[in-house]
Amino acid sequence: QVLSDVFNAPVYTIDTTSSACLGSAYRAIHGLVAETNVSLADVVKLAPEPRLAVTPTAGAEELYRPLLKRYAELEQKVIYNPTSSC
């Protein structure tokens, strides 16, 4: 729910025990067929159908939008001047 609220987006899941492994497997398949001009999107079409897990909570965007902006500002400060303190 937190991801959905923070990014103001629905969250979908698939029935798997390790999404990182699944993602790696699809990338590997894509690598094997890369010379055939098959896109990663086409490879991922083989994935199980995702199901909607959660949707954003009403009003959460107003809370998180300024926080996301501040986070992005701090992130840029660290990236472009990593020795300064925030």
(request) Go through Leu40, Leu68 for me and flag whichever is within 20 Å of Val6 (Cα to Cα), within 20 Å of the chain's Cα centre (by Cα) and surrounded by 10 or more Cβ atoms within 10 Å (Cβ to Cβ). (result) Leu68
(request) Would you list the helices (runs of 4 or more DSSP H) that sit entirely within the chain and hold 3 or more residues that are among the small types (Gly, Ala, Ser)? (result) 19-32
(request) Find the residue count for region 56-65, including only residues that are exposed (fewer than 10 other Cβ atoms within 10 Å of the Cβ) and under 17 Å from the mean Cα position of the chain (by Cα). (result) 0
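Each row is one residue, and each column tells you yes or no for (1) within 20 Å of the chain's Cα centre (by Cα); (2) surrounded by 13 or more Cβ atoms within 10 Å (Cβ to Cβ); (3) modelled with pLDDT under 90.
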position: Phe7; (1), (2), (3): yes, yes, no
position: Leu22; (1), (2), (3): yes, yes, yes
position: Gly31; (1), (2), (3): no, no, no
position: Pro50; (1), (2), (3): yes, no, yes
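The values are calculated or read from the model by the stated rules, or taken from the named source; none is laboratory data. Computed from a predicted model, the values in this text were never measured in an experiment. No Cβ is skipped: glycine too gets one built from the backbone with ideal geometry, and neighbour counts run over all protein chains shown.
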